[in-house]
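The values are calculated or read from the model by the stated rules, or taken from the named source; none is laboratory data. Being a predicted model, the structure only gives us computed values, none of them experimental. All Cβ positions, glycine included, derive from the backbone under ideal geometry; neighbour counts span all protein chains shown.
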Amino acid sequence: MAKDNDKGGPSSGGPKKLMVSINSLDGNIPHHPFNSTDTIGDVREFAYDRLVQQKDQITLERTWIEFNRDRIADSVQLGTLATANEGSGAEPDLTVSLVWDTSGG
């Protein structure tokens, strides 16, 4: 039961915490905690603020998140992407990529 408390599980009264790894062309965030009820849009904004180096050329609106090489809608909750056996251990619970179009514009 202690693991539920550590991860914000039901016995702690809060949403479960998931460790999310975010990859991008400009860098990586190896792990960051998000609530399982947070959305892909929340992760996209967080990653954009910290990873995109040329914000004058790459706007937030030109970015998206991919999971298993599929583009994921901003409204999707993180808990729906993590599998049941995730949520503990040293490995991230979820790995996503912040992507943007690199073609000339």
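Output the qualifying pairs, or none if there are none: Cβ atoms under 6 angstrom, residues six or more apart or on different chains, first residue in the stretch 54-71 and of a type in the set (Phe, Trp, Tyr), second residue surrounded by 10 or more Cβ atoms within 10 Å (Cβ to Cβ) and not in a loop (DSSP other than H, G, I, E, B).
64/71; 64/99; 67/96
Does the stretch 29-42 include one or more residues that are modelled with pLDDT of 95 or more, farther than 16 Å from residue 77 by Cβ and among the acidic types (Asp, Glu)?
No, that holds for no residue.
With (1) at pLDDT 95 or above; (2) surrounded by fewer than 16 Cβ atoms within 10 Å (Cβ to Cβ) as the list, and residue 20 as the residue in question, which single condition is left unmet?
Unmet for residue 20, out of (1) at pLDDT 95 or above; (2) surrounded by fewer than 16 Cβ atoms within 10 Å (Cβ to Cβ): (2).
Inside the stretch 25-76, can you point out the residues that are aromatic (Phe, Trp, Tyr) and part of a loop (DSSP other than H, G, I, E, B)?
Pass one, the stretch 25-76, residues aromatic (Phe, Trp, Tyr): 34, 46, 48, 64, 67.
Of everything in the stretch 25-76, nothing turns out to be aromatic (Phe, Trp, Tyr) and part of a loop (DSSP other than H, G, I, E, B).
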